[in-house]
Every structure is written in C-alpha cells, then in structure tokens.
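K.L.:
Sharing a structure here in structure tokens format.
The values are calculated or read from the model by the stated rules, or taken from the named source; none is laboratory data. All values derive from a computational prediction rather than experimental measurement. Every residue, glycine as well, gets a Cβ built from its backbone with ideal geometry; the counts of neighbours run over all protein chains shown. Each accessible area value is taken on the protein alone, full model and side chains, heavy atoms only, with ligands, DNA and RNA left out. Shrake-Rupley method; radii C 1.70, N 1.55, O 1.52, S 1.80 Å.
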Amino acid sequence: MNGKLIVFEGVEGAGKTTQLNHLHQWLQQDPDFQDLQQQGLIPEVIVTREPGGTPLGKALRSLLLGQAEYGAIADHTELLLYAADRAQHLAEVIRPALAAGSWVLCDRYVDSTVAYQGYGRGLSLSLIETLNHIATQGIASDLTLWLKLNADTGLTRSRQRGTLDRIEQATHDFHRRVQRGFESLAAAHQHRIVSINAEGSVDAIAQHIQTLVKRRLKTWYGHHLKT
Ligand code: Z5A
C-alpha cells in the first residue's frame, strides 16, 4: 500500500478525537506535507473512525453504543459486530484510500478490540487476532499513537461531557483491564505503537505528536522532500 494509516488509541476521554483533529489541521499547514501533496504523492487525508466509518458502520455503531433498546448484547455478538464494522470500513474506505497513496487518520482500530473485547471482556486473544486478520486482510497501521491516560481520569473527562454510552457505563475494573490491554500491546509492538503521555495540555500533546509525525515523514518520504 502506498498510503499511510495513522491510528489514535486509548481509553475513553484520552483525547483521541481532539488530537486527531489537531494533527489533521497541522498537516494542512506543514510545508513538507504540503510539498508531498503538491507532488501528487499524497492525494488526500481521510479522517475516519471505528466503529462508524461507513454508512453500514454508522448503523452498527448505534447498535453497539446505543442504549439498551435490544436488551443486553452478548460478548461474542459485540466482538462480531466490531469485526463486521471493520471489514466494511477496510473494504469501503481504508484499503482504497491507502491504495491511492492517501493518508488515513483513524480514531481506533484493531488494538481497541484486543483491549476492550480481549482484556476488558476476557474473550480469546487468538480468536480476536483471527477476526482482526479477516477484517483487515492484514493491513496494519503504519503508526499507532496510544494516548496514555489513567483510565479513571479519562472516565471523569467523559462524564463531564454528558451522557455515557453503553461501554462507558461499564465498571472501573473493566476500564482498568482495558488500560492493561493497551499497556501489553504497546510493550509487544514497540515499533508500531508509540506511547504519548496524555495527562498534559492539549497543546503540549499536539506538539509531541507533530514532532513524531514530522520524523516519520522524513523516514517515509525523505528522498521526495526538499528540506
Ligand atoms: N470499541 C470497542 O469496544 N472495540 C473496538 O474494536 C472498537 C471500539 C473499535 C467507541 O466510542 C467505543 O467503542 C469505545 C471503545 C469501543 N468505548 N467507549 N465508550 P467512541 O468513539 O464514542 O468513544 P471514545 O473513542 O472512547 O471517544 P471519547 O470518549 O470521545 O474519547 P476521546 O476521543 O479519546 O477524547 P476527546 O473526545 O478528544 O476528549 C474527551 C474530553 O476530554 C473532551 O471534553 C475534551 O475537550 C477533553 N480533553 C481532551 N484532551 C484533553 C486534555 N489534554 N486535557 C484535558 N481535557 C482534555
């Protein structure tokens, strides 16, 4: 694939959406990135998320995160719905964008399933790996920014924002297990997953991410850059 897939991960309220939007805006002003776009090497920057990055995915998202309209969702049902959302997202959005050379900035991806359904719900990690592989057809992120924030702090931030969705309402223990999942993933995939301290100010975190991405730009496209 010619394009790049950059994923934001972390517990609720870690600041993923905030930082993804900051990075998107910064790319539109960065001279190196602009230069690559003008050369036609990066046609577009796509901003998307899981669940809900396609029209079908939006319907799945409202089933997954909506209130208990259909009663409790069994753990394996939940896992399969996230896998279905991802398979559609890959086919309709991510794979075509990467094939065209575009960048995809994605709010959550496969590591969320490992952390939430694997560590959080206790489902089989090897089953999750198989489903992730089927859904992604082996497309891994080029860079995953794990916004590392204490799970309780993240939940407090989400609570201040208003009503909680179905998963946000899970127990604190569940969210701490999810956090342990992200910690294990980051330790196991140190090249792909970069840990970002998400306790600081929005601006300080954004600057840290820009420095990292700037460095990756040089690694990925160095011979095309003027500077
Ligand atoms: N899920 C799953 O279980 N399995 C899967 O495979 C996938 C997902 C793909 C997605 O919901 C849910 O699906 C999620 C996991 C599960 N669980 N839940 N709930 P979502 O996309 O709606 O929720 P989220 O990903 O957790 O997003 P969020 O709660 O909106 O968090 P965020 O994007 O990380 O944070 P934010 O929106 O940027 O910021 C949250 C608040 O904090 C907001 O008021 C900000 O202004 C504030 N904020 C942000 N940064 C800071 C800093 N640095 N300091 C202080 N305050 C800040």
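K.L.:
Quick one: which residue in 101, 118 is open to solvent by less than 30 Å² (accessible area, probe 1.4 Å) and outside any helix (DSSP H, G or I)?
P.N.:
The match here is 101.
K.L.:
Condition (residue is open to solvent by less than 60 Å² (accessible area, probe 1.4 Å), part of a loop (DSSP other than H, G, I, E, B) and of a type in the set (A, V, I, L, M, F, W, C)) applied to segment 7-19: is it met by at least one residue?
P.N.:
Yes, there is a match, as at least one residue in segment 7-19 is open to solvent by less than 60 Å² (accessible area, probe 1.4 Å), part of a loop (DSSP other than H, G, I, E, B) and of a type in the set (A, V, I, L, M, F, W, C).
K.L.:
Six or more apart or on different chains, Cβ under 8 Å: which pairs go from a residue in segment 166-185 that's farther than 24 Å from residue 69 by Cα to one that's in a loop (DSSP other than H, G, I, E, B) and polar (S, T, N, Q)? Could you list them?
P.N.:
Going by the 8 Å Cβ cut-off, the qualifying pairs are 179/150.
K.L.:
Taking residue 58 as meeting all but one of (1) modelled with pLDDT of 95 or more; (2) crowded, with 16+ Cβ neighbours inside 10 Å, write down the number of the exception.
P.N.:
(2)
K.L.:
List the number of the failed condition for residue 2; all other conditions in (1) more than 11 Å from the ligand (Cβ to nearest atom); (2) closer than 22 Å to residue 214 by Cβ; (3) surrounded by 13 or more Cβ atoms within 10 Å (Cβ to Cβ); (4) more than 13 Å from the chain's Cα centre (by Cα) hold.
P.N.:
Tallying (1) more than 11 Å from the ligand (Cβ to nearest atom); (2) closer than 22 Å to residue 214 by Cβ; (3) surrounded by 13 or more Cβ atoms within 10 Å (Cβ to Cβ); (4) more than 13 Å from the chain's Cα centre (by Cα), residue 2 fails exactly one: (3).
K.L.:
Please name all residue pairs, on different chains or six or more residues apart, with Cβ atoms under 8 Å, provided the first residue is in segment 25-38 and is of a type in the set (Phe, Trp, Tyr) and the second residue is not in a helix (DSSP H, G or I).
P.N.:
Listed by first residue and then by second, the contacts come to 33/42.
K.L.:
Only one of these conditions is not met by residue 121: (1) closer than 29 Å to residue 31 by Cα; (2) near the ligand (Cβ under 10 Å from one of its atoms); (3) among the basic types (Lys, Arg). Which number is it?
P.N.:
Result: residue 121 passes all but (1).
K.L.:
If we only count helices (runs of 4 or more DSSP H) wholly inside segment 136-227, which ones have 3 or more residues that are of a type in the set (A, V, I, L, M) and open to solvent by 40 Å² or more (accessible area, probe 1.4 Å)?
P.N.:
In segment 136-227, there are no helices (runs of 4 or more DSSP H) which contain 3 or more residues that are of a type in the set (A, V, I, L, M) and open to solvent by 40 Å² or more (accessible area, probe 1.4 Å).
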